[in-house]
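**Student:** Take a look at this one; I'll ask things after.
The values are calculated or read from the model by the stated rules, or taken from the named source; none is laboratory data. Keep in mind that this is a model prediction, so the values were computed, not measured. Glycine also receives a Cβ, built like all others from the backbone with ideal geometry; neighbour counts cover every protein chain displayed.
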Amino acid sequence: MTLDSYRDHVKPIIDPVVSACIRLKITPDCCTAISLVAAAVAGVGFYLSEIGIGTLCILLNAIFDALDGSIARAMNIQSMRGDFLDHTVDRYADIFMICGIFAGPLCPWQVGVFGLTGVLMASYLGTQAQAVGIGRFYGGFLGRADRLILLIGAGIASLISSALIIGMSIFAWVLLIFGIFGHITAVQRFIHVWKQL
């Protein structure tokens, strides 16, 4: 089960922040844009081996990605356009962060590309379910919230110790997990949708 299914449990923490954003006239689209910038800076940070900056920016990406939809619901201004923008930005954010990790010295590019394909295919199958009329489906082993938590954890662990584990960095192992469980998640989502058609 992915962490995405536990969104309601963090609502008491998010709600006061959402209220503050509304008072400050921060729009959902503004939060979406900030999340994209944070992801891009994270990618650059990882590429330059600035792990602290990269990890902090992933945390900012996660926060603002959670806020955009919450603010839209609180203001009752949800729209298909906003949803489309959010999902587009999320995919670019994934690309920025993961490419930043494997374009630099933190991870072999082969492992990084494998991880990226797993992430993109899992995400694609989640939204493709909606495109064929089944409704959006986010089941499976590895959702976006899970990936962000793993990346933040890898960043913190790497700041504590840069030791290799069986010849690979912590980031390389995380991207390997993204590849393996991302593709498993894609298959799980495919099977779910296929059975509904």
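**Student:** Got a number for residues in region 148-196 being touching a helix residue (DSSP H, G or I) at 6+ places or on another chain (Cβ under 6 Å), closer than 18 Å to Met97 by Cα, surrounded by fewer than 23 Cβ atoms within 10 Å (Cβ to Cβ) and not aliphatic (A, V, I, L, M)?
**Tutor:** 2
**Student:** May I pose another question? Would you mind stating whether Asp86 is surrounded by 17 or more Cβ atoms within 10 Å (Cβ to Cβ), acidic (Asp, Glu) and closer than 18 Å to Leu150 by Cα?
**Tutor:** The answer is no for Asp86.
**Student:** Only one of (1) touching a residue at least 40 places away in the same chain (Cβ under 8 Å); (2) surrounded by 15 or more Cβ atoms within 10 Å (Cβ to Cβ); (3) closer than 18 Å to Ala38 by Cβ fails for Phe102. Which number is that?
**Tutor:** Result: Phe102 passes all but (3).
**Student:** Output the residues belonging to region 141-185 that are modelled with pLDDT under 95, more than 14 Å from the chain's Cα centre (by Cα) and among the small types (Gly, Ala, Ser).
**Tutor:** Ser161, Ser162, Ala163, Gly167
**Student:** Out of (1) under 23 Å from Leu24 (Cβ atoms); (2) at pLDDT 95 or above; (3) not charged (D, E, K, R), the odd one out for Gln78 is which?
**Tutor:** Only one criterion is unmet by Gln78, namely (2).
**Student:** Does region 16-69 hold any residues that are of a type in the set (D, E, K, R) and buried (at least 16 other Cβ atoms within 10 Å of the Cβ), and which are they?
**Tutor:** Matches in region 16-69: Asp29, Glu50, Asp65, Asp68.
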